[in-house]
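Asker: Structure below; questions to follow.
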Amino acid sequence: MMEENNYPKKNLLSVQVDLSKFRKLTSQEKRNIETESEHSTYFKDAMKRFRKNPMGMTAFIILIFVLLLITVSAFACPYKYDEILTINGVRDITAKNLMPFTYSERELAAIADGAHIFPHLFGTDELCRDYFSRVMQGTRISLFVGLFASIIVLFIGSIYGSISGLAGGKVDMIMMRVVDIIYSLPDMLIVILLSIILGSVFPRNGSGIIAKMGTNMFSLFIVFALLYWVSMARLVRGQILSIREQDYIKAANMIRTPTSRLIGKYIIPNCISVILISATMQIPAAIFTESYLSFVGLGVQVPMPSLGALANSARSSMQLYPYKLIFPALMIGLIVFSFNLLGDALRDAFDPRKK
């Protein structure tokens, strides 16, 4: 019968391995190992960096809150943006220029009789219309204009700039001269001319979508499609020209990498930060342009409100009723400021050099 091993079991490992040469992993090293072991993509890494940006997340939360507010108010608010307040079918003349969170005399009498009346959160205007519903409708119009302009700029500018940058040579030279010509055109003059032309073709009392939306707004969309994409095209073209000279692109061309893989694997990921930041920055720029045009009377058609038109109408009574200017101006500033911060955060998150 064989003799049992007298070495204690707990010392078997120490006999074979020198434990003094090892140390425990720190918490940061454990997290690094877990991160390296996880399968990740370029988009996932960018979203992780974006979530770690406090200013970007704050701007994102503000924009989500604004979107929820204008969506819920469309169903929860009982007042229409163009509706003149009435009590029992009779116009309520005492509801003129009410302060926020107040009721008119007739509404107070109706409440005393047991009626349930929704409060005027932002007061009323000079035509006895609920101001909260008008500000919410103006925010919807302004955001719609900004998003529509951003989509146009993103679609036209990216395609045009990509073709120009990848083609190079005479094609690039001719396409960039076209961009220079379009860039020199005065956008304000074109908006005015298009408004006059469309106003004569589509009368204001018509029944089409152009008459309902307003010729000024439709001309603004045409100007976005004709003029505002040139900056995006220049940025994308310059980025592609810079990427083409990189060593990894030359190496990919030497091994005859397919063009589709070259664009999708190397060129687009390095251009995505420029495209995203430009498209995101275009939204507040378009909102500000629409607000400015509405402020000078070239925006949406009455009674359709926009933030710029509301600010313009509140200018005459600013000293007596300052809240009429504060609410639309605050909404414009909040949206523009949030989109600018969001664009900066997305630029940092999708920058491949910070991977």
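The values are calculated or read from the model by the stated rules, or taken from the named source; none is laboratory data. Fair warning: this is a prediction, and the values are worked out from it, not measured in the lab. Cβ placement follows ideal geometry from the backbone for every residue including glycine, while neighbour counts extend to all protein chains displayed. Just the protein is used for accessible areas: all its heavy atoms, side chains included, with ligands, DNA and RNA removed. Shrake-Rupley method; radii C 1.70, N 1.55, O 1.52, S 1.80 Å.
Asker: Give the long-range amide H neighbours of I87: residues separated by 5 or more places, or on another chain, with amide H under 5 Å away, using H modelled in the peptide plane at 1.01 Å from N.
Answerer: D92
Asker: On to the next question. Based on the alpha-carbon gyration tensor of segment 39-96 and its eigenvalue square roots a ≥ b ≥ c, which shape applies: rounded if a/c is under 1.5, prolate if not and a/b is larger than b/c, or oblate? Walk me through the numbers on the way to the answer.
Answerer: Details: a/c = 7.44, a/b = 4.05, b/c = 1.84.
Judged from the Cα gyration tensor, segment 39-96 comes out prolate (a/c at least 1.5, a/b above b/c).
Asker: For segment 234-342, what is one quarter of the convex hull surface built on the Cα atoms, given in nm²?
Answerer: Values: hull surface 37.6 nm².
Mean shadow area of the hull around the Cα atoms is 9.4 nm².
Asker: Between V296 and D82, what is the label-to-label distance in nm when each label sits 7 Å out along the Cα-to-Cβ direction?
Answerer: Taking the two extended label points, one gets 2.6 nm.
Asker: Given a 1.4 angstrom probe, I'd like the percentage of the accessible area of the chain that is carbon and sulfur, rounded to a whole number. Working shown, then result.
Answerer: Details: 13910 of 21400 Å².
Accessible surface attributable to carbon and sulfur in the chain totals 65 percent.
Asker: Around H120, which amide H atoms from residues at least 5 apart in sequence, or from another chain, sit under 5 Å from its own amide H, with H modelled in the peptide plane?
Answerer: For H120, the qualifying residues are F101, T102.
Asker: Calculate, axis by axis, the spread of Cα positions in segment 116-191 along the three principal axes, and write the results as whole Å, longest axis first.
Answerer: For segment 116-191, the Cα spread along each principal axis is 71, 26, 11 Å.
Asker: Between K21 and F75, with labels modelled 7 Å along Cα→Cβ, what's the label distance in nm to one decimal, could you check?
Answerer: 6.8
Asker: So, one more: Can you give the FRET efficiency to the nearest 0.05 for T257 and V171, using r as the Cβ-Cβ distance and R₀ = 30 Å? Write out the running numbers ahead of the final one.
Answerer: Details: r = 22 Å, r/R0 = 0.73.
The value I calculate is 0.85.
Asker: Per residue, how much accessible area does the chain show when a 1.4 Å probe rolls over the protein heavy atoms, in square angstrom?
Answerer: Working: 21400 Å² over 355 residues.
Heavy-atom SASA per residue in the chain reads 60 Å².
Asker: Now a separate question. As an exercise, identify the chymotrypsin sites (Phe, Trp or Tyr not before Pro) in segment 72-176 lying in DSSP coil whose Cβ has no more than 15 other Cβ atoms within 10 Å. It would help to have the intermediate numbers written out before the result.
Answerer: Values: sites: F75, Y79, Y81, F101, Y103, F122, Y131, F132, F144, F148, F155, Y160; in loops: Y79, Y81, F101, Y103, F122.
Listed in order of number, the matching sites are F101.
Asker: At 10 °C and 1.306 mPa s, what whole-number value in µm²/s does Stokes-Einstein give for the translational diffusion of the chain, with Rh from the Kirkwood sum over Cα pairs? Provide the component values of the computation, followed by the final result.
Answerer: On the way: Rh = 25.1 Å.
Diffusion coefficient, whole number: 63 µm²/s.
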